[in-house]
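To start, the structure itself, in structure tokens.
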Amino acid sequence: MSKFVVTGGNRLQGSVRVSGSKNSTSALMFAAALGKDDVILTNIPLNSDVITMSEILRSIGVEVKFNGQSVIINGANITNHQPPYELVRRIRASVYTAGLLLGRLGMADVAMPGGDEIGTRPIDLHIRGFQTLGSEVTIEHGQMVCKSKGLKGATYYINKVSVGATINMMLAAVLAEGVTIIDNPAKEPEVVDCAILLNSMGAKIRGAGTASIKIEGVESLHGCEHTPIPDRIEAGTFMIATAAIGGDVQVNNVITEHLRMVISKLREAGAEIIEGDNDIRIICNHRLKTVDVDTGVYPGFATDLQAPFGVLLSKAEGTGIICETVFDNRFRYIDELRRMGADIKVERDTAIFRGVERLSGAPVVGTDIRAGVSLVIAGLMAEGVTEVSGACHIDRGYENFDEKLRDLGAGIQRVAESLEEVKA
Ligand code: EPZ
């Protein structure tokens, strides 16, 4: 286990290159295994979730070969429909194993997934989608047990916008017999990216990113090469960090259309933002003004940027309000921020940030990917030293996070955590 030792006071200066999207790569790796030829995914983020997903895929018979920043996936020999329980429960994206196995074998025994502790994370929308396609689904001993005589296309209205349920439905339906319509799907760029890959493999998906997706089932899928979209959440994290800490940073390898809401909110708070074709420059050398944010489904303000933006508001001038509308327990980082002097009141799905002039460094705990990076940003905004434990969470979602920050002039070091510290 390791932690980050962060020393505040340095402005951020220079440029940073955004990696391929973690959440898109999660879907793409399973989608690639629906084919029976090599699918090459280039410029993937080599984070620990990608390693876990490769282990899950191999456990069901998929060939996974890493080659630098690329991975070659071949699903020709999928034989096992029961991936190991302990592997599957490590992360949320493992739930896509069910869609993959149902799509290929018509059956799946997949453990209920794990993932960041940001609230209740049911999978009822995934299960209902599989049942709509003709699969029986029961929960037995912590496993989602899916049985079918082959999936048949159907119309599925998803009661609540869900990225995972939308993607899982696409994975199961592309090889089903007949036409599937998904109404009220998630419109996130990661959903669109997955549809683009599947169509490059020979699938027939129309309408990804709109209010209705139509999928015509095909017999089989072939190989191709695909580059995941840049990670809009990593890009947003570095943009928010630069505005909150102060500095002048160019964020390279971005799709500005995916960042409209965070660009708008940072400008409203007083940061200067210069948009290039596939890069964004953020300049800020003064105290920001506070703003209000409601998180929402795409193209709303991304829930994954809620914690980093909360840290920014903790030192902005005035009182700002964040309403977290997607997950029901995504304010856990606020208790830790209070240790650093933040003045924040939480009432159910709303947090009220009374901006303070200064934060002071303290030992804090990062409980999930986005909380962890947010506390690192807070440490870079604070006076003195902050120790952020739980670097393992950050490593799940950000590639070389501390190196990228050091290259921008941030005072951050990764150190091993003693067993006592881990137990504390
Ligand atoms: C994906 O999670 C992302 N994870 C999350 O990123 C992201 O925050 C989330 O989408 C929303 O954009 C991956 O892609 C691996 P949802 P997912 O299904 O698919 C409820 C990060 O930090 N819901 O869109 O699990 C759910 O509880 C992570 O990178 C049901 O009620 O999210 C939530 O309130 C965190 N039943 C809402 O829908 C279901 O069956 C949206 O969840 C499924 C979801």
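The values are calculated or read from the model by the stated rules, or taken from the named source; none is laboratory data. Keep in mind that this is a model prediction, so the values were computed, not measured. Please note: Cβ atoms are built from the backbone with ideal geometry, for glycine as well, and neighbour counts cover all protein chains shown. Note: areas computed on protein heavy atoms with side chains; ligands, DNA, RNA excluded. Shrake-Rupley method; radii C 1.70, N 1.55, O 1.52, S 1.80 Å.
What list of ³J(HN,Hα) couplings, whole Hz, do you get for segment 66-79 from phi and the Karplus terms 6.51, -1.76, 1.60, once you set θ to phi - 60° and write x for glycine and proline?
8, 9, x, 8, 10, 9, 10, 10, 9, x, 4, 10, 6, 10
Taking the convex hull of the Cα atoms, report for segment 298-393 its projected area averaged over all directions, in nm². Before the final figure, lay out the partial values.
On the way: hull surface 22.8 nm².
Mean projected area for segment 298-393: 5.7 nm², to one decimal.
Around GLY35, which amide H atoms from residues at least 5 apart in sequence, or from another chain, sit under 5 Å from its own amide H, with H modelled in the peptide plane?
Result for GLY35 returns GLY75.
Rounded to the nearest 10 Å², what accessible area does SER15 show when all protein chains are kept and the probe is 1.4 Å?
Spelled out: SER15, probe radius 1.4 Å, area about 70 Å².
Each label point is 7 Å from the Cα along the Cα-to-Cβ direction; what then is the distance between the points at ASP294 and SER48, in nm?
Taking the simple label geometry, ASP294 and SER48 are separated by 3.6 nm.
Under the rule of at least 5 residues apart or a separate chain, name every residue whose amide H is placed under 5 Å from the amide H of ALA410.
none
In what sequence, highest mean first, do 75-85, 335-345 appear when ranked by Cβ atoms within 10 angstrom? Kindly include the intermediate steps, with their values, before the conclusion.
Working: 75-85: 16.7, 335-345: 18.8.
Going by the mean number of other Cβ atoms within 10 Å, highest first, we get 335-345, 75-85.
Could you tally the net charge around VAL218, taking each other residue with its Cβ under 15 Å from the Cβ of VAL218, Lys/Arg +1 and Asp/Glu -1?
Local net charge: +2.
When the chain is fully extended, how far beyond the present Cα-Cα distance does LYS149 get from VAL385, taking 0.36 nm per residue of separation?
The span from LYS149 to VAL385 would gain 79.0 nm if fully extended.
Probe of 1.4 angstrom, ligands and nucleic acids ignored: what's the accessible area per residue over the chain, in square angstrom?
Details: 16180 Å² over 424 residues.
It amounts to 38 Å² per residue over the chain.
Please list the non-local residues whose amide H lies under 5 Å from the amide H of GLU188, H modeled 1.01 Å from N, same-chain partners needing a gap of 5 or more.
Correct list: TYR298.
Determine ³J(HN,Hα), in whole Hz, for all residues of segment 211-225 in sequence, where each value follows from phi through the Karplus function 6.51 cos²θ - 1.76 cosθ + 1.60 and θ = phi - 60°; x replaces Gly and Pro.
6, 7, 10, 10, 10, 9, x, 10, 5, 7, 10, 10, x, 5, 10
In a shell of Cβ-Cβ distance under 15 Å around ILE56, excluding ILE56 itself, what net charge do Lys and Arg (+1) and Asp and Glu (-1) give?
For residues surrounding ILE56, the net value is +1.
For ASN278 and ALA211, what is the calculated FRET efficiency with R₀ set at 22 Å and r taken between the beta-carbons, to the nearest 0.05?
For R0 = 22 Å, the calculated efficiency reads 0.20.
Label ARG354 and SER418 with points 7 Å out from Cα along Cα→Cβ: what is the distance between them in nm?
Placing both labels 7 Å beyond Cα along the Cβ direction yields 3.8 nm.
If you build a Gaussian network model of the chain, linking Cα atoms that sit under 10 Å apart, which residue out of THR97, THR180, THR25 swings the most?
Residue with maximal mean-square fluctuation among THR97, THR180, THR25: THR180.
Using R₀ = 56 Å, calculate the FRET efficiency as 1/(1 + (r/R₀)^6) where r is the Cβ-Cβ separation of ALA76 and ILE321; round to 0.05.
Working: r = 53 Å, r/R0 = 0.94.
For ALA76 and ILE321, the calculated efficiency is 0.60.
Apply the a/c threshold of 1.5 to the C-alpha gyration tensor of segment 1-110 and tell me whether it is rounded, prolate or oblate. Provide the component values of the computation, followed by the final result.
Numbers: a/c = 2.95, a/b = 1.89, b/c = 1.57.
The shape class here is prolate.
Probe 1.4 Å, all protein chains in place: accessible area of GLU63 in Å², nearest 10?
Roll a 1.4 Å probe over it and GLU63 shows about 90 Å².
What GluC sites (Glu not before Pro) does segment 171-220 have in DSSP loop regions with at most 16 other beta carbons within 10 Å?
Those satisfying the criteria are GLU219.
Along the charge dipole of the chain, which of GLY355, GLY379, MET1 sits closest to the positive end, that is, farthest toward it, with unit charges on the beta carbon of Lys, Arg, Asp and Glu (+1, +1, -1, -1)?
Checked the options; the winner is GLY355.
Calculate log10 I(q)/I(0) of the chain for q = 0.07, 0.14 Å⁻¹, where I(q) comes from the Debye formula with a single equal point scatterer on each Cα and nothing for solvent.
For the requested q values the scattering log ratios are -0.33, -1.23.
Pop out the ³J(HN,Hα) list for segment 327-336 in order, Karplus 6.51 cos²θ - 1.76 cosθ + 1.60 with θ = phi - 60°, rounded to Hz; leave Gly and Pro as x.
Values per residue, Gly and Pro as x: 10, 9, 8, 10, 10, 5, 5, 5, 4, 5 Hz.
If you add up the charges near GLU188, with Lys and Arg at +1 and Asp and Glu at -1, over every other residue whose beta carbon is less than 12 angstrom from its beta carbon, what do you get?
Details: positive: LYS187, ARG232; negative: GLU190, ASP193, ASP304.
Result for the neighbourhood of GLU188: -1.
If the cut-off is a Cα-Cα distance under 27 Å, which lysines reach LYS265, setting aside same-chain residues fewer than 8 apart in sequence?
Output for LYS265: LYS22, LYS160, LYS187, LYS289, LYS315, LYS345, LYS404.
Using alpha carbons only, how many angstrom separate the centre of segment 82-99 from the centre of segment 363-385?
One Cα centre to the other: 29 Å.
Carbon and sulfur together cover what percent of the accessible area of the chain at a 1.4 Å probe radius? Please list the in-between numbers first.
Numbers: 7790 of 16180 Å².
Of all accessible area on the chain, carbon and sulfur atoms account for 48 percent.
Picking from ALA195, ALA154, ALA111, which is most flexible by a Gaussian network model of the chain using Cα springs under 10 Å?
ALA154
What number, rounded to the nearest 500 deg cm²/dmol, is the helix-based mean residue ellipticity at 222 nm of the chain, given -39500 (n - 2.57) per DSSP H run of at least four residues and division by all its residues?
When only DSSP H runs of four or more count, the value is -9500 deg cm²/dmol.
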